[in-house]
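The values are calculated or read from the model by the stated rules, or taken from the named source; none is laboratory data. Quick caveat: nothing in here was measured; it's all calculated off a predicted structure. Glycine also receives a Cβ, built like all others from the backbone with ideal geometry; neighbour counts cover every protein chain displayed. Quick note on the areas: whole protein, heavy atoms, side chains included, nothing else; ligands and nucleic acids left out. Shrake-Rupley method; radii C 1.70, N 1.55, O 1.52, S 1.80 Å.
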Amino acid sequence: MSTFKNTTSSSVIFFLTGVPGLEAFHTWISIPFCFLYATALSGNSLALFAIVTQPSLHEPMYYFLSMLSTTDLGLSVSTLVTMLGIFWFNAREISFNACLSQMFFIQLFTVMESSVLLAMAFDRFVAISNPLRYASILTDLKIAQIGVAVVTRGTLILTPMVVLLKSLSYCRSHVLHHSFCFHPDVMKLSCTDTRINSAVGLTALITTAGVDSIFIILSYLLIIKTVLSITSSEERKKAFSSCISHIGAVAVFYIPLISLSFVHRFGKGVPPYVHTLIADAYLLIPPVMNPIIYSVKTKQIRRAVLKVLRTTATKN
(Lines give C-alpha, C1' and ligand atoms only; values in the text may rest on other atoms or scores of the structure.)
Protein backbone atom coordinates (compact mmCIF):
# COMPACT_ATOMS: atom_id res chain seq x y z
CA MET A 1 0.00 0.00 0.00
CA SER A 2 1.55 3.29 -1.01
CA THR A 3 1.53 6.20 1.36
CA PHE A 4 0.25 9.56 0.18
CA LYS A 5 1.73 12.77 1.41
CA ASN A 6 -0.56 15.16 3.30
CA THR A 7 -1.37 17.78 0.70
CA THR A 8 -2.99 21.19 1.11
CA SER A 9 -5.89 22.00 -1.15
CA SER A 10 -4.00 24.69 -3.08
CA SER A 11 -1.55 22.18 -4.58
CA VAL A 12 -3.90 19.23 -5.17
CA ILE A 13 -4.29 17.74 -8.62
CA PHE A 14 -7.20 15.33 -8.99
CA PHE A 15 -7.52 12.60 -11.62
CA LEU A 16 -10.95 12.08 -13.14
CA THR A 17 -12.15 8.64 -14.23
CA GLY A 18 -13.95 7.68 -17.41
CA VAL A 19 -15.87 4.39 -17.41
CA PRO A 20 -13.96 1.96 -15.14
CA GLY A 21 -13.12 -1.30 -16.84
CA LEU A 22 -14.09 0.00 -20.26
CA GLU A 23 -11.14 2.34 -20.92
CA ALA A 24 -10.33 0.56 -24.19
CA PHE A 25 -13.77 1.47 -25.51
CA HIS A 26 -13.76 5.16 -24.56
CA THR A 27 -13.68 6.28 -28.19
CA TRP A 28 -16.75 4.21 -28.98
CA ILE A 29 -18.49 5.25 -25.76
CA SER A 30 -17.92 8.89 -26.72
CA ILE A 31 -20.18 8.52 -29.78
CA PRO A 32 -23.52 8.22 -27.90
CA PHE A 33 -22.34 10.84 -25.41
CA CYS A 34 -21.56 13.27 -28.25
CA PHE A 35 -25.01 12.62 -29.68
CA LEU A 36 -26.63 13.28 -26.30
CA TYR A 37 -24.66 16.49 -25.77
CA ALA A 38 -25.51 17.70 -29.29
CA THR A 39 -29.19 16.95 -28.67
CA ALA A 40 -29.19 18.70 -25.30
CA LEU A 41 -27.35 21.81 -26.52
CA SER A 42 -29.27 22.19 -29.77
CA GLY A 43 -32.68 21.31 -28.31
CA ASN A 44 -32.46 23.68 -25.35
CA SER A 45 -30.88 26.49 -27.41
CA LEU A 46 -33.65 26.19 -30.00
CA ALA A 47 -36.40 26.17 -27.36
CA LEU A 48 -34.85 29.17 -25.60
CA PHE A 49 -34.43 31.08 -28.87
CA ALA A 50 -38.04 30.34 -29.88
CA ILE A 51 -39.39 31.60 -26.55
CA VAL A 52 -37.30 34.77 -26.66
CA THR A 53 -38.10 35.66 -30.29
CA GLN A 54 -41.77 34.59 -30.58
CA PRO A 55 -44.17 37.12 -28.96
CA SER A 56 -46.89 34.45 -28.76
CA LEU A 57 -44.75 32.63 -26.17
CA HIS A 58 -44.29 35.61 -23.88
CA GLU A 59 -46.44 34.07 -21.18
CA PRO A 60 -45.61 32.84 -17.63
CA MET A 61 -45.56 29.14 -18.56
CA TYR A 62 -43.00 29.70 -21.32
CA TYR A 63 -40.90 32.07 -19.24
CA PHE A 64 -40.49 29.22 -16.73
CA LEU A 65 -39.70 26.87 -19.59
CA SER A 66 -36.96 29.27 -20.73
CA MET A 67 -35.51 29.09 -17.19
CA LEU A 68 -35.56 25.30 -17.43
CA SER A 69 -33.78 25.39 -20.80
CA THR A 70 -31.16 27.78 -19.38
CA THR A 71 -30.41 25.49 -16.43
CA ASP A 72 -30.22 22.47 -18.74
CA LEU A 73 -27.74 24.30 -20.98
CA GLY A 74 -25.65 25.22 -17.95
CA LEU A 75 -25.72 21.65 -16.67
CA SER A 76 -24.62 20.28 -20.05
CA VAL A 77 -21.78 22.79 -20.48
CA SER A 78 -20.56 22.14 -16.90
CA THR A 79 -19.73 18.50 -17.67
CA LEU A 80 -19.04 18.65 -21.41
CA VAL A 81 -15.33 19.54 -21.35
CA THR A 82 -14.12 17.04 -18.75
CA MET A 83 -16.29 14.14 -19.93
CA LEU A 84 -15.40 14.38 -23.62
CA GLY A 85 -11.81 15.31 -22.72
CA ILE A 86 -11.43 11.95 -20.99
CA PHE A 87 -13.09 9.98 -23.80
CA TRP A 88 -11.17 11.68 -26.61
CA PHE A 89 -7.79 12.69 -25.16
CA ASN A 90 -7.55 10.82 -21.83
CA ALA A 91 -7.27 14.29 -20.22
CA ARG A 92 -7.84 13.21 -16.63
CA GLU A 93 -6.02 15.88 -14.62
CA ILE A 94 -7.97 18.71 -13.00
CA SER A 95 -6.71 21.24 -10.46
CA PHE A 96 -8.38 21.61 -7.09
CA ASN A 97 -9.83 25.06 -7.84
CA ALA A 98 -11.08 23.97 -11.27
CA CYS A 99 -12.66 20.93 -9.63
CA LEU A 100 -14.41 23.10 -7.02
CA SER A 101 -15.68 25.43 -9.74
CA GLN A 102 -17.09 22.57 -11.79
CA MET A 103 -18.64 21.00 -8.69
CA PHE A 104 -20.28 24.29 -7.72
CA PHE A 105 -21.83 24.87 -11.13
CA ILE A 106 -23.04 21.28 -11.51
CA GLN A 107 -24.68 21.48 -8.09
CA LEU A 108 -25.99 24.99 -8.73
CA PHE A 109 -27.69 24.13 -12.01
CA THR A 110 -29.08 20.94 -10.46
CA VAL A 111 -30.58 22.91 -7.57
CA MET A 112 -31.86 25.55 -9.98
CA GLU A 113 -33.56 22.86 -12.08
CA SER A 114 -35.29 21.50 -8.99
CA SER A 115 -36.38 25.03 -8.03
CA VAL A 116 -37.67 25.79 -11.54
CA LEU A 117 -39.67 22.54 -11.57
CA LEU A 118 -41.27 23.65 -8.30
CA ALA A 119 -42.05 27.08 -9.77
CA MET A 120 -43.60 25.37 -12.81
CA ALA A 121 -45.78 23.23 -10.51
CA PHE A 122 -47.01 26.44 -8.86
CA ASP A 123 -47.62 27.90 -12.33
CA ARG A 124 -49.81 24.92 -13.30
CA PHE A 125 -51.72 25.13 -10.00
CA VAL A 126 -52.48 28.83 -10.49
CA ALA A 127 -53.45 28.30 -14.15
CA ILE A 128 -55.93 25.55 -13.24
CA SER A 129 -57.34 26.85 -9.95
CA ASN A 130 -57.43 30.59 -10.81
CA PRO A 131 -57.45 30.89 -14.61
CA LEU A 132 -59.05 34.35 -14.58
CA ARG A 133 -56.39 35.74 -12.22
CA TYR A 134 -53.48 33.82 -13.76
CA ALA A 135 -51.93 36.79 -15.58
CA SER A 136 -52.43 39.13 -12.62
CA ILE A 137 -50.81 36.68 -10.15
CA LEU A 138 -47.83 35.68 -12.30
CA THR A 139 -46.81 39.08 -13.62
CA ASP A 140 -43.50 39.69 -15.41
CA LEU A 141 -42.12 41.26 -12.22
CA LYS A 142 -43.15 38.27 -10.12
CA ILE A 143 -41.55 35.84 -12.58
CA ALA A 144 -38.33 37.89 -12.58
CA GLN A 145 -38.32 37.82 -8.77
CA ILE A 146 -38.78 34.03 -8.83
CA GLY A 147 -35.85 33.75 -11.25
CA VAL A 148 -33.60 35.82 -8.96
CA ALA A 149 -34.75 33.77 -5.96
CA VAL A 150 -33.88 30.52 -7.76
CA VAL A 151 -30.29 31.65 -8.42
CA THR A 152 -29.85 33.23 -4.96
CA ARG A 153 -31.20 30.19 -3.16
CA GLY A 154 -28.82 27.83 -4.92
CA THR A 155 -25.81 30.09 -4.41
CA LEU A 156 -26.43 30.62 -0.68
CA ILE A 157 -27.04 26.94 0.02
CA LEU A 158 -24.12 25.56 -2.01
CA THR A 159 -21.37 28.09 -1.30
CA PRO A 160 -20.66 26.84 2.28
CA MET A 161 -20.60 23.22 1.05
CA VAL A 162 -17.94 24.00 -1.56
CA VAL A 163 -15.91 26.44 0.58
CA LEU A 164 -15.62 23.90 3.42
CA LEU A 165 -13.74 21.55 1.11
CA LYS A 166 -10.88 24.08 0.94
CA SER A 167 -10.19 23.61 4.65
CA LEU A 168 -9.55 19.89 4.25
CA SER A 169 -6.22 18.15 3.68
CA TYR A 170 -5.93 15.48 1.02
CA CYS A 171 -3.47 12.71 1.76
CA ARG A 172 -5.11 9.74 0.06
CA SER A 173 -5.30 8.81 -3.59
CA HIS A 174 -6.35 11.77 -5.72
CA VAL A 175 -8.29 9.59 -8.14
CA LEU A 176 -11.99 10.55 -8.38
CA HIS A 177 -14.59 8.01 -9.44
CA HIS A 178 -16.45 10.09 -12.02
CA SER A 179 -15.66 12.08 -15.15
CA PHE A 180 -16.68 15.23 -13.28
CA CYS A 181 -16.17 16.57 -9.76
CA PHE A 182 -18.80 15.28 -7.34
CA HIS A 183 -18.98 16.52 -3.73
CA PRO A 184 -19.06 13.13 -1.92
CA ASP A 185 -16.34 11.85 -4.25
CA VAL A 186 -13.94 14.69 -3.39
CA MET A 187 -14.80 14.56 0.31
CA LYS A 188 -13.87 10.86 0.56
CA LEU A 189 -10.29 11.65 -0.49
CA SER A 190 -9.68 13.82 2.58
CA CYS A 191 -7.66 12.53 5.51
CA THR A 192 -9.24 15.00 7.96
CA ASP A 193 -12.60 14.90 9.73
CA THR A 194 -15.40 15.41 7.19
CA ARG A 195 -18.42 15.13 9.48
CA ILE A 196 -19.24 18.82 9.12
CA ASN A 197 -18.88 18.57 5.34
CA SER A 198 -21.18 15.54 5.27
CA ALA A 199 -23.77 17.31 7.42
CA VAL A 200 -23.67 20.44 5.23
CA GLY A 201 -23.95 18.35 2.05
CA LEU A 202 -26.91 16.37 3.42
CA THR A 203 -28.58 19.58 4.58
CA ALA A 204 -28.14 21.09 1.12
CA LEU A 205 -29.74 18.02 -0.50
CA ILE A 206 -32.69 17.96 1.92
CA THR A 207 -33.38 21.70 1.71
CA THR A 208 -33.32 21.70 -2.09
CA ALA A 209 -34.45 18.55 -3.94
CA GLY A 210 -36.03 17.08 -0.79
CA VAL A 211 -38.15 20.11 0.04
CA ASP A 212 -38.94 20.83 -3.61
CA SER A 213 -40.19 17.28 -4.25
CA ILE A 214 -42.56 17.51 -1.28
CA PHE A 215 -44.02 20.81 -2.47
CA ILE A 216 -44.33 19.51 -6.04
CA ILE A 217 -46.33 16.55 -4.74
CA LEU A 218 -48.51 18.87 -2.65
CA SER A 219 -49.08 21.11 -5.69
CA TYR A 220 -50.29 18.14 -7.72
CA LEU A 221 -52.56 16.94 -4.94
CA LEU A 222 -54.19 20.38 -5.02
CA ILE A 223 -54.28 20.30 -8.82
CA ILE A 224 -55.98 16.88 -8.79
CA LYS A 225 -58.49 18.13 -6.23
CA THR A 226 -59.26 21.15 -8.40
CA VAL A 227 -59.52 19.09 -11.61
CA LEU A 228 -61.89 16.58 -10.00
CA SER A 229 -64.18 19.44 -8.94
CA ILE A 230 -64.66 20.48 -12.58
CA THR A 231 -68.03 19.20 -13.82
CA SER A 232 -67.22 18.96 -17.54
CA SER A 233 -65.20 15.85 -18.45
CA GLU A 234 -63.80 17.69 -21.47
CA GLU A 235 -62.57 20.55 -19.28
CA ARG A 236 -61.07 18.08 -16.80
CA LYS A 237 -59.16 16.39 -19.60
CA LYS A 238 -57.97 19.73 -20.97
CA ALA A 239 -56.83 20.92 -17.53
CA PHE A 240 -54.91 17.73 -16.79
CA SER A 241 -53.33 17.58 -20.26
CA SER A 242 -51.73 20.98 -19.60
CA CYS A 243 -49.70 19.29 -16.83
CA ILE A 244 -48.41 16.33 -18.84
CA SER A 245 -45.21 18.04 -20.04
CA HIS A 246 -44.35 19.21 -16.54
CA ILE A 247 -44.98 15.76 -15.08
CA GLY A 248 -42.61 14.35 -17.70
CA ALA A 249 -39.93 16.91 -16.79
CA VAL A 250 -40.30 16.07 -13.08
CA ALA A 251 -40.00 12.35 -13.87
CA VAL A 252 -36.81 12.68 -15.96
CA PHE A 253 -35.22 14.76 -13.17
CA TYR A 254 -36.17 12.73 -10.10
CA ILE A 255 -36.11 9.14 -11.44
CA PRO A 256 -32.36 9.25 -12.34
CA LEU A 257 -31.67 11.05 -9.03
CA ILE A 258 -33.46 8.33 -7.04
CA SER A 259 -31.79 5.59 -9.12
CA LEU A 260 -28.35 7.08 -8.45
CA SER A 261 -29.09 7.28 -4.71
CA PHE A 262 -30.22 3.65 -4.60
CA VAL A 263 -27.18 2.41 -6.52
CA HIS A 264 -24.78 4.31 -4.24
CA ARG A 265 -26.54 3.01 -1.13
CA PHE A 266 -27.43 -0.57 -2.02
CA GLY A 267 -25.34 -1.42 -5.07
CA LYS A 268 -22.11 -2.39 -3.35
CA GLY A 269 -21.68 -5.46 -5.55
CA VAL A 270 -22.56 -3.64 -8.77
CA PRO A 271 -19.68 -3.18 -11.27
CA PRO A 272 -18.05 0.30 -11.00
CA TYR A 273 -19.02 1.23 -14.57
CA VAL A 274 -22.71 0.96 -13.62
CA HIS A 275 -22.27 3.68 -10.98
CA THR A 276 -20.48 5.87 -13.51
CA LEU A 277 -23.03 5.41 -16.30
CA ILE A 278 -25.98 6.10 -13.98
CA ALA A 279 -24.25 9.24 -12.66
CA ASP A 280 -23.61 10.42 -16.23
CA ALA A 281 -27.22 9.62 -17.19
CA TYR A 282 -28.47 11.61 -14.19
CA LEU A 283 -26.74 14.72 -15.53
CA LEU A 284 -27.58 14.14 -19.21
CA ILE A 285 -31.13 12.76 -19.30
CA PRO A 286 -32.97 15.93 -18.14
CA PRO A 287 -31.19 18.29 -20.61
CA VAL A 288 -31.79 15.82 -23.46
CA MET A 289 -35.39 14.91 -22.67
CA ASN A 290 -36.90 18.23 -21.52
CA PRO A 291 -36.91 20.00 -24.93
CA ILE A 292 -38.21 16.80 -26.55
CA ILE A 293 -41.03 16.45 -24.01
CA TYR A 294 -42.13 20.06 -24.36
CA SER A 295 -41.83 20.04 -28.16
CA VAL A 296 -43.92 16.88 -28.46
CA LYS A 297 -46.53 17.68 -25.82
CA THR A 298 -46.86 21.47 -26.20
CA LYS A 299 -48.36 22.56 -29.50
CA GLN A 300 -47.28 26.21 -29.13
CA ILE A 301 -43.63 25.27 -28.56
CA ARG A 302 -43.67 22.86 -31.48
CA ARG A 303 -45.12 25.50 -33.80
CA ALA A 304 -42.63 28.14 -32.62
CA VAL A 305 -39.65 25.80 -33.07
CA LEU A 306 -40.80 24.82 -36.56
CA LYS A 307 -41.27 28.50 -37.41
CA VAL A 308 -37.73 29.30 -36.27
CA LEU A 309 -36.34 26.39 -38.29
CA ARG A 310 -38.26 27.44 -41.42
CA THR A 311 -37.10 31.04 -41.04
CA THR A 312 -33.48 29.90 -40.65
CA ALA A 313 -33.75 27.60 -43.66
CA THR A 314 -35.24 30.40 -45.79
CA LYS A 315 -32.43 32.81 -44.88
CA ASN A 316 -29.81 30.22 -45.82
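Cross-link reach is defined here as a Cα-Cα straight distance under 28 Å, omitting same-chain residues fewer than 8 places apart; for Lys299 the lysines meeting it are Lys142, Lys225, Lys237, Lys238, Lys307, Lys315.
In the chain, a dipole from Cβ-located charges (positive for Lys and Arg, negative for Asp and Glu) runs towards its positive end, and of Val163, Phe104, Cys191 it is Phe104 whose Cα lies farthest in that direction. For a quick check, take a GNM of the chain with Cα springs below 10 Å and name the residue from Gly201, Gly21, Gly74 with the largest mean-square fluctuation. Evaluated over the chain, the most mobile residue of the options is Gly21. Carbon-plus-sulfur accessible fraction, region 7-146 (probe radius 1.4 Å, protein heavy atoms only): 70%.
For the residues Glu234, Glu59, Glu113, a GNM of the chain with alpha-carbon springs under 10 Å puts the largest fluctuation on Glu234. Maximal additional length on extending the Asn97-Ser56 stretch stands at 10.4 nm, based on 0.36 nm per residue less the C-alpha distance.
Spin-label pair Gln300-Thr312: with each label point 7 Å from Cα along the Cα-Cβ axis, the two points sit 2.2 nm from one another. Each label point was placed 7 Å from the Cα along the Cα-to-Cβ direction; for Ile196 and His177 their separation is 2.5 nm.
Helix-only arithmetic for the chain: the sum of -39500 (n - 2.57) across DSSP H runs with n ≥ 4, divided by the residue total, places the mean residue ellipticity at 222 nm at -25000 deg cm²/dmol. The charge dipole of region 13-306, taken about the Cα centre with unit charges on the Cβ atoms of Lys, Arg (+1) and Asp, Glu (-1), comes to about 500 debye, rounded to the nearest 20.
Share of Cα-Cα pairs in the chain beyond 33 Å, in percent? Tail of P(r) above 33 Å: 32 percent of Cα pairs.
Applying the Karplus relation 6.51 cos²θ - 1.76 cosθ + 1.60 with θ = phi - 60° to region 24-30 yields 3J(HN,Hα) values of 5, 10, 4, 4, 5, 5, 5 Hz, where x marks Gly and Pro.
Charge dipole (Cα centre; +1 on Lys/Arg Cβ, -1 on Asp/Glu Cβ; no other charges) of region 1-131 amounts to roughly 240 debye. Computed over the chain with a Gaussian network model linking Cα atoms closer than 10 Å, the most mobile of Asn44, Asn290, Asn130 is Asn130. Shown in residue order for region 188-197 are the 3J(HN,Hα) couplings computed by the Karplus curve 6.51 cos²θ - 1.76 cosθ + 1.60 at θ = phi - 60°: 5, 7, 7, 9, 10, 5, 10, 4, 5, 4 Hz (x for Gly and Pro).
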